[in-house]
Each structure stands twice: as structure tokens, then as C-alpha cells.
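Have a look at the structure below, then the notes.
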Amino acid sequence: MDKLNLHTASLVDKNIQAISSLFPNTLTERITGCNEDGSAIIEYAIDFDLLRQELSNVVVEGAEERYQFTWPDKKKSVLLANAPNYKTLRPCRGESVHFDVTENLYIEGDNLDILKLLQETYLGKVKMIYIDPPYNTGKDFVYADNFAQSIEEYMDLTEAYDEDGNRLFQNSETNGRYHTDWLNMMYPRLRLAKDLLRHDGVIFISIDDNEVHNLRKMCDEVFGAWNFVAELVWERAYAPKNDAKYISNSHDYVLMYAKSMESFRIGRLPRTEEADARYHNPDNDPRGVWKPSDMSVKTYIEECDYPITTPSGRVIEPPTGRCWSLSKNAFLERLQDNRIYFGADGNSVPCIKRFLTELKFDGMAPQSIMFYRDVGHSQEGAKEVTALLESGAFNGPKPVRLLSRLLTLANTDKDSIILDFFSGSATTAHAVMQLNAEDGGNRKFIMVQLPEIINEKHEAYKSGYRTICDIGKERIRRAGEKINAEIAGHNAQIKLDEAEKKPVDIGFRVLKVDSTNMKDVYYHPYQYDQQQLGLFADNIKDDRTPEDLLFQVMLDLGVFLSCKIEIESIGGKQVYVVYQGDIPYLIACFDNSINSEVVTAIAKRQPYYAVFRDSSMESDSLMTSFEQIFEAYSKTTIRRVL
């Protein structure tokens, strides 16, 4: 009999739970005393050093020893994840497909910048994230994020960096920071990625043996160990490599973590003919085919420990250390209903009959091993890209069938957003379009990729591709055209009673990371001279277009970057109308000399947001009446200026 507590619940425990839900990495364990046998008493606690770091813009030092996963520069990595970002995304119509109507995005640049830029708009909106980050093999190039140095110092010290100022370096095993550099690259990106997931969202991360142990610990900290779903094993090779030094490695891993195990529901796999073939009907039961199920279980319950007499008279006890899965009354009920089978001779160990017709028809439970016969192998992925691009254009792409399996396990609904911020050859985008074609869905993809330069000796370079992004975008274009051509072919041959398949959204908006659209005005007054003052009459950089400004506004206001955009002319001025559904959610005009006709027309549309360029009104009197116009026609519209 349990004793009454006779005291209220510990608020400390509740506070620890609340803080750990916000910052899982701050949850640790500490020794609070000893038991009578001398063993340590350990309880959950909050790592205040890490918590202070989460709430600080500078590195916080702390040396207390505790149970934790750490590495050099980890605190600086936390600082990097939390640091503000002053960049923006600029649209590129020329490289896009169906720019005005597509809901898909292809974003070029450092994924750390991009993940920060997406926080306002896509916070808690992404159903599934898949990433295939650079494996730490000593041959791959990884991002070298700047922690402590100024940009000028950083660039002076580096010799190998791309056009965006991102240093690339070869992380060889002779480097004393072999694991550290890889962890520092991954940690801030995973921190930011977590915030983008929906409450029922899930992330998949491909990895090999070199870092799977570290990645697992890192993900336990970022997502919470209690949200670990599985460490999937993918059979990526179909034949051994006889030149292997020790073991021919035929697998990779895919770590799977949910945003919240309480909300996430696993997607089940469709039943196969092979699985159904395991069901038989040896006793001609009118309920149809069935499969025997073991009646014994390891978990011991006294009321389930009893002898069973077979039809032949043999008495059978549960196996040693086990008991039956049914109580005696439950067993007798099933025996009466002919759901217990004792073998053809009536003398075998009893089993429960599981009828195929009574199974849940939401599919089969997925297994932790993904065999290449079911999800493809590395060579299949390479052949898919080669067939589309007509050249060997990429090393080690994942097969579409593997991503299709992960999309199923993620239990994506037909309007889900899927993100891949190491998109490479864009297999994820291909798989999303293919699944939409199969089930009529409208899933949207966001592909993110650093425009890494392709080596001149590579076959892809000889075929005309200059960056990894060139390959990814072309793969999406050709895969999309092929998918819609197949849909058109299917519709041309359907029968009268069959429904046509709808074409898939195969377009994508290309956006590229760049510096802010605003001029640098961060000078002290004494640093200006009379000639310089005129430079800042307009705070927008000279090389930026109105559409550049629109997308920065969309980022700042949390408007989906995939929203439908229409360009109208009102009073001779160019006006952008951004829709959410059929509603004009944002209306923006960045022209100069805007008159009352334009302001009034926009106010009458009653958008949620109205945005103008600073000092763009044609007169001071219009500036005075601006607010009055909106108060008269659309009080609720939020007005902003650049």
C-alpha cells in the first residue's frame, strides 16, 4: 500500500520539465547523495552554464563536471545557432520554373544562413526533414563556420572559400579536430531545424559508421532522447567489395527523431503479396486464411500461468520463465470461438489464430532494416540521375525509392512541407513529386544547397554543370517533365469510369542568399561629411529590384515564400499582391511618388499587410492623410515602410 505524500508537488520538478522542453540540451544528471549500499543517488537537473549560454549573446565559461556530451567549441556552436542573421533571399526568375504559381522552393546558399532566414516564416510548419549531410570520411568538404573572428580576419586567414565567403576545407583524419569540426558544423543546423518541424513532424538523417555514434548523442540532446524513433539500417550495396581491407561495408544508417513522440504517428507500409502468402487455412475455418501466433510471453503475470489440456489429452505448461498471453477466462472464450489451434493432430502447443480479414488495413509495421530490394541501393540512385541528365553527374545520390519509403514513414499528409537542407542532386524533390503523382497530393518541397563548385575533371563539369545547384535544379526540371508526361499518357488511355490524374506542381522558385537590401548606414554622425549625406536619401541598395524588396518583406513578416504573387498596375505604379489562398494577404508598392489614388486603391483591397518604400509619398500632405485613408477603408490593415 502506497503512503500519501501529504505535500504538494515539487515546483522545482515542474520547472525542470518546462525548461527541458524548451532547451533539451540543458537537461543533465547530478549526484545528490548516496544510498545505504553506497550507490549514488542521481536526479535530473538543469545545466545552468548551458542555460546561461542559451540566454546570452557572448560565450559563457563554466567548468563544472557533469554527465554530458561535449566537444571543443561546443559553446561557440550554441552561440552561432543563436546569433542574428542580417542577410536576405533574392529571387531568380530566370532559373525558376513556373515562378508565379509554384509552391516549391529551391534556395541557394549556406544552409545555416537559410535556416535562420526561414525561422520567422516556417516555424513549426515543416512535416518532414531529410538530410544527407557530408559524411566525415576525411575526403568530404565541410563548412567551416566562423565563431570568434571578424569577417575580415577570417577571410585573411583562409585561402579556400566560395563566392559567398563560406570557407571549405578538407577534414582529414590527421586533423586534431577531426570530430570537433564536423560536430560544430552539424550542431547549430540541427538546433535551427528542430524549430521548423511541426508538432507531429519528424527528421531523418543519413549517416555512416564514422559519426553515427556522435550524431546519435547530438540528436538526443537537440531533439530529446525521448523523441528517438529508430536507427534505421539501409542496405545500400548489393554486392561485397572484394578489395575491402577488412569488412565490405554494405550499409548506412538513417537516424529518425520525432519533434514530439506524443504527437507523431508512424506511417505504415502497404501489405505485400509475400506477407499475405504467410496466411493459410488448414482447418477450413469459414473466416478465411489465418496465421498462428505464439501464446507465450516473457512478462510474467500470475493469472496467466495455468496448464492447458490439448484435445488429445496432453497437458501443457507455459515455457520456463514465461506465461500465457491470455488469462484463463480469455483463453476459454477464444477456445469456444475456435480461435485456438492445437495442430493437425490436436496435440501441439496451442497458438492463437490471427485472421487476415481482421487485420488493421492501415498497412504493415515498418522494420528497422531497409533492404535494397525494397528501397533501392546506391547504384540505383546513380543510374536514376544519369538517365535523367544523360551523364554521370553526381556521386552517391540516394535512390528515389529510399526517399519514398521515408515519406511514408513520416506519415506525410497531402499538403505537407518537406525540407532538405543538404539537397545535393535533389532526390528528395524528385520523390515528393513522384508521390504527389501517385496519390494526388500537393506536398511542397524546400531544397537548400550550397553552390559548391564542380571540379573541372568531373564528368558533370564536362557536361556543362558548374555547381551542385546546377545539377539539382536540372534534375528537378527533367524529373518533373517526365512525371507529368507519364500522367498525360495515363489520362489519354483511361477508361470511361476512371478519374483522370491531375498534373503535379513541377515548378520551383529559385532564391539565393545575399546581403541585406538595405544600405549600410551604421556610422556615427561625426563620420559623415556634407557630400555623403545625399547617399542616404534612399536607404535601398542601388542594385536591388522591387521583387528583391518584396521577398525580404515576406521573410520579415512571416509570409510563405511560396505564396501566389500577382503584379498589377495601379495609377501607373507597380503593385505586388501576395495571396494566401484567395485572400490578398500582402500588398506592396516600392515605386516613388505614390499618390492618394494608389494608397486609396490599396486600402480598399483591405490586405492584412500594406508595405511601401520609405519617403515614397509624392507630397508631405499625402504623408499626413496616409493614416486617415487607411482608417477610412481598412482599419485593421497593418502598415509598414522600408
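The values are calculated or read from the model by the stated rules, or taken from the named source; none is laboratory data. Since we're looking at a predicted model, the values are computed, not measured. Neighbour counts run over all protein chains shown; Cβ positions are idealised from the backbone, glycine included.
Working only within the stretch 581-619, note down all residues that are surrounded by fewer than 14 Cβ atoms within 10 Å (Cβ to Cβ) and not charged (D, E, K, R).
GLY581, ILE583, ASN592, SER593, SER615, SER619
Would you point out the residue of the stretch 541-580, among those that are aromatic (Phe, Trp, Tyr) and over 15 Å from CYS92 (Cα atoms), that is surrounded by the fewest Cβ atoms within 10 Å (Cβ to Cβ)?
Here the residue is TYR579.
Can you list the helices (runs of 4 or more DSSP H) lying wholly within the stretch 357-473 that have 3 or more residues being of a type in the set (Gly, Ala, Ser)?
Here the list reads 378-389, 427-439.
Regarding SER293, is this residue in contact (Cβ under 8 Å) with a residue 60 or more places away in the chain and assigned by TED's automatic domain parsing to the domain that holds ARG373?
no
What number of residues in the stretch 334-369 are farther than 30 Å from LEU232 by Cβ, exposed (fewer than 13 other Cβ atoms within 10 Å of the Cβ) and among the polar types (S, T, N, Q)?
Residues in the stretch 334-369 being farther than 30 Å from LEU232 by Cβ, exposed (fewer than 13 other Cβ atoms within 10 Å of the Cβ) and among the polar types (S, T, N, Q): 3 in total.
If a residue counts only when it is in contact (Cβ under 8 Å) with a residue 60 or more places away in the chain and within 30 Å of SER562 (Cβ to Cβ), which helices (runs of 4 or more DSSP H) contained entirely in the stretch 47-126 have at least 1 such residues?
Result: 74-82, 111-117, 119-122.
Would you pick out the residues in the stretch 521-567 that are at pLDDT 90 or above, among the acidic types (Asp, Glu) and over 21 Å from ARG605 (Cβ atoms)?
Within the stretch 521-567, ASP543, ASP548 qualify.
Could you list, in sequence order, all residues of the stretch 205-238 that are farther than 13 Å from VAL254 by Cβ and either part of a strand (DSSP E or B) or of a type in the set (Ser, Thr, Tyr) (or both)?
Of everything in the stretch 205-238, just one residue is farther than 13 Å from VAL254 by Cβ and either part of a strand (DSSP E or B) or of a type in the set (Ser, Thr, Tyr) (or both), namely TYR238.
Look at the stretch 254-269 and say how many of its residues are under 13 Å from MET370 (Cα atoms) and either surrounded by fewer than 20 Cβ atoms within 10 Å (Cβ to Cβ) or without any contact (Cβ under 8 Å) to a residue 24 or more places away in the chain (or both).
1
Kindly check whether there is at least one residue in the stretch 110-124 that is out of contact with any Ser or Thr (no Cβ under 8 Å at 6 or more places or on another chain), surrounded by 21 or more Cβ atoms within 10 Å (Cβ to Cβ), polar (S, T, N, Q) and modelled with pLDDT under 90.
Checked the stretch 110-124: no residue is out of contact with any Ser or Thr (no Cβ under 8 Å at 6 or more places or on another chain), surrounded by 21 or more Cβ atoms within 10 Å (Cβ to Cβ), polar (S, T, N, Q) and modelled with pLDDT under 90.
Looking at the stretch 370-387 only, could you name the residues that are surrounded by fewer than 21 Cβ atoms within 10 Å (Cβ to Cβ), more than 18 Å from PRO270 (Cβ to Cβ) and touching an Asp or Glu at 6+ places or on another chain (Cβ under 8 Å)?
The answer is TYR372, and nothing else.
So SER312 clears everything in (1) among the polar types (S, T, N, Q); (2) exposed (fewer than 14 other Cβ atoms within 10 Å of the Cβ); (3) touching a residue at least 40 places away in the same chain (Cβ under 8 Å) except one condition, right? Which one?
For SER312, the failing item is (3).
Those residues that are among the hydrophobic types (A, V, I, L, M, F, W, C) and touching a Gly at 6+ places or on another chain (Cβ under 7 Å), I need them from the stretch 404-441; list them, please.
LEU409, ALA410, ALA426, MET433, LEU435, listed by residue number.
When you check TYR246 against the structure, is it at pLDDT below 95, touching a strand residue (DSSP E or B) at 6+ places or on another chain (Cβ under 7 Å) and more than 25 Å from THR70 (Cα to Cα), yes or no?
No; evaluated as a whole, the condition is false for this residue.
Filter the stretch 271-294 down to residues that are under 41 Å from the mean Cα position of the chain (by Cα) and surrounded by 14 or more Cβ atoms within 10 Å (Cβ to Cβ) and give me whichever is nearest to PRO350 (Cα to Cα). Write out each step before concluding.
Taking the stretch 271-294 as the starting set, the residues that turn out to be under 41 Å from the mean Cα position of the chain (by Cα) are 271-279, 290-294.
Pick out the ones that are also surrounded by 14 or more Cβ atoms within 10 Å (Cβ to Cβ) and you get 271, 275, 279, 290-292.
Details: ARG271: 27, ALA275: 23, TYR279: 17, TRP290: 14, LYS291: 13, PRO292: 9 Å.
So, considering only residues that are under 41 Å from the mean Cα position of the chain (by Cα) and surrounded by 14 or more Cβ atoms within 10 Å (Cβ to Cβ), the one nearest to PRO350 (Cα to Cα) is PRO292.
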